[in-house]
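Report on one structure; see the data block that follows.
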Amino acid sequence: MHKKVIYKSVLVLTLVLSCSCNKYLTLYPQDGTTRQAYWQNKEQLQSAIIGIYSSLIQGTASTSNKASSSPEMAETLFIWGELRADNVSAGSNATADEVNLMNENILSTNVYANWTSLYRTINYCNNFLKYAPDVLSLDPTLTKAKLDSYMAEALGVRALMYLYLVKTFGDVPLKLTPTATDNDLVLLAKSPQKDVVTQILADLKTAEGTALRTYGDQASDKGRITLYTIYAIEADTYLWTYDYANCIAACDKIIGSNNFGLISGNSSFFNTMYANGNCNESIFEFQYDGSTTQVNPFYGLTGGAPAAQLIAQANVIGGLFPVDPNDDKNVDIRSSIAVNSGLQAIWKYVGTPNSSAQLTTTTSYRHWIVYRYAEILFMKAEACAWIGGRGTEALQIVLQIKARANSIYVQGLSLDYPTDPTDALAVTNYILDEKNREFIYEGKRWYDLLRNAKRNFPNNISILTNALALVLQPAFQQTTLAKFRDVNALYMPIPNSDILLDPNLVQNPFYK
């Protein structure tokens, strides 16, 4: 088992980098000698870089009353990536904000219209990128190579945070300098999405030159930014912007490294991928560990079924994972991992293999997987579908993953298998259908639907509306279809609290 803790809360880092308010645009840092005394040696630099990773798992687990708090990052990423899509339903303890997200009835006061956790981490990265280089002249034992590798990590984390932000909000404030003193407080306007993407790619290209391939141990290789994480973020960014050639090139760097692969789809799959974590298929994960009380938020969200906040959508059970009518032993191994059908429970984060037992609030420390090798294959497949002349290659990639999962469709062409590999839209629909099975509840589904719905908007909006027709309450179906005639409705509103504090921030057009 490779579940060694690699990020721990660093008190001095919190004193140096944290701010007294939670809101990004009103971050008030510690002034005075604390910061001046901190950036002095390589040991402090090591603490600072680990502190960036610690910020990814800071926060309190989900509760039914979050009105006065900011959801922690993994919870935010799960909600953003899943609740507006077609795999989640409201449980008996769902909050009003969760139900409103599912029904596309979104206000800027929704607790999940909140970017605090991401901008907090961005500020940690900005502090590191500004002050870390000064340590090179202060500590003769710090090498330039070590400093540069740390800088690559900070650039990679910052790029990842901004990628999530543009996928979720569209245009967002772009801040590249730290809020390190009171004089650094800036009221920022939004930057166009294309400018933020340009900065993301610039950061990643810089990081490519000095990011490490390995730290020498499995937990660090999966819990810290490596060169392969940089490539994964690049591939994701290029796919988001429909730059298919560069997406394929980034994917091929990971594939060609031979450092990753699809793990076996045997009886140990659940334990290896999710219960233990940090497996060979993994590229980057948030490292929770119950031994240090670093538990994830998912028991609060999906635990306690059937009386959970969030449960599996009914069509997932039997629809997304149908049983072979001719052989009930021929099942997709991902079905029982995704859902406990008896409880209608989302099972990946709170369930136990081959059992109806659930984890508890103190043992809910499954990792949040940001990237794994299977997604690299899916990203390459989608890019191949659209680049021209590579549709057959795209389908063959998907069949690799179907085979690993023992999917009932592997044995022959199903009705959804495209008969014309040059039909990019049909091939893409096939890819998205299978990717949904593979990555259900891993925070991918909404972004996959959104990315494809906004391509040549509004021509492909049916990719999104057809999926949502399964889950929207009848009272909201027509209004949602009308909303989605405006591409701006596909993004989240800017947090109302930040609009009130920053006169330079303008609400996203649909929500004005």
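The values are calculated or read from the model by the stated rules, or taken from the named source; none is laboratory data. Everything quoted here is computed from the prediction, not taken from an experiment. Neighbour counts are summed over all protein chains in view; Cβ atoms, including those assigned to glycine, are modelled from backbone coordinates with ideal geometry.
General observations
- Where helices (runs of 4 or more DSSP H) fall entirely within segment 413-474, those with at least 2 residues that are under 19 Å from Y238 (Cβ atoms) and aliphatic (A, V, I, L, M) are at 424-439, 445-453.
- Within segment 104-139, considering residues that are of a type in the set (A, V, I, L, M, F, W, C) and over 20 Å from D171 (Cα atoms), the one surrounded by the fewest Cβ atoms within 10 Å (Cβ to Cβ): L138
- Residue check, T422 farther than 20 Å from L101 by Cα and either crowded, with 16+ Cβ neighbours inside 10 Å or not assigned by TED's automatic domain parsing to the domain that holds T168 (or both): yes
- Filter pass, V471 being touching a residue at least 60 places away in the same chain (Cβ under 8 Å) and loosely packed, with under 15 Cβ neighbours inside 10 Å: no
- On the stretch given as segment 96-119, residues that are under 24 Å from A314 (Cα atoms), touching a Lys or Arg at 6+ places or on another chain (Cβ under 7 Å) and not in a helix (DSSP H, G or I) total 1.
- Boolean, L129 is in the same structural domain as I57 (by TED's automatic domain parsing), among the hydrophobic types (A, V, I, L, M, F, W, C), in contact with a Lys or Arg (Cβ under 9 Å, 6 or more places away or on another chain) and part of a loop (DSSP other than H, G, I, E, B): no
- When restricted to residues that are farther than 15 Å from A305 by Cβ, crowded, with 19+ Cβ neighbours inside 10 Å and either without any contact (Cβ under 8 Å) to a residue 40 or more places away in the chain or among the acidic types (D, E) (or both), segment 317-359 contains 2.
- Counting only helices (runs of 4 or more DSSP H) wholly contained in segment 146-251, the ones carrying 1 or more residues that are under 30 Å from N504 (Cα atoms) and β-branched (V, I, T) occupy 193-208, 227-240.
- Subset of segment 474-494 [surrounded by 16 or more Cβ atoms within 10 Å (Cβ to Cβ) and of a type in the set (D, E, K, R)]: K483
- Test: residue in segment 347-364 that is in a helix (DSSP H, G or I) and more than 19 Å from D86 (Cβ to Cβ): no
- Qualifying residue in segment 292-304 (condition: within 16 Å of L377 (Cα to Cα), more than 21 Å from the chain's Cα centre (by Cα) and assigned to a loop (DSSP other than H, G, I, E, B)): no
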